[in-house]
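Working notes, beginning with the structure itself.
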Amino acid sequence: MTAVDWIAENSHIIPKNILNRAKLIEKAKEIEIYQTDNKVISFAEWLTGERSVRLMELYEEFEKEFYPKEKL
């Protein structure tokens, strides 16, 4: 459960005078999605940057293990 999920489930604890609860929760969800997307993009850039050779080696191992070429 993320912090945003927790707030959404416990929105009754947010004082009524703080903006509109639904808008507050919706904005928090948008921010969370944006942060998650950025994290995934950063990880992909990190993984494919200097590690591209190792990534290709792992892919070749994957192919050999799961898609072995049939002998003709």
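The values are calculated or read from the model by the stated rules, or taken from the named source; none is laboratory data. Everything numeric in this text was worked out from a predicted model, so none of it was measured. Glycine also receives a Cβ, built like all others from the backbone with ideal geometry; neighbour counts cover every protein chain displayed.
Count, please, the residues in segment 6-20 that happen to be part of a helix (DSSP H, G or I) and either surrounded by 11 or more Cβ atoms within 10 Å (Cβ to Cβ) or modelled with pLDDT of 75 or more (or both).
6
Hey, can you tell me all the residues within segment 21-67 that are modelled with pLDDT of 80 or more and not in a helix (DSSP H, G or I)?
Tyr67
Can you tell me which residues in segment 31-47 are surrounded by 11 or more Cβ atoms within 10 Å (Cβ to Cβ) and among the charged types (D, E, K, R)?
Answer for segment 31-47, where residues must be surrounded by 11 or more Cβ atoms within 10 Å (Cβ to Cβ) and among the charged types (D, E, K, R): just Glu32.
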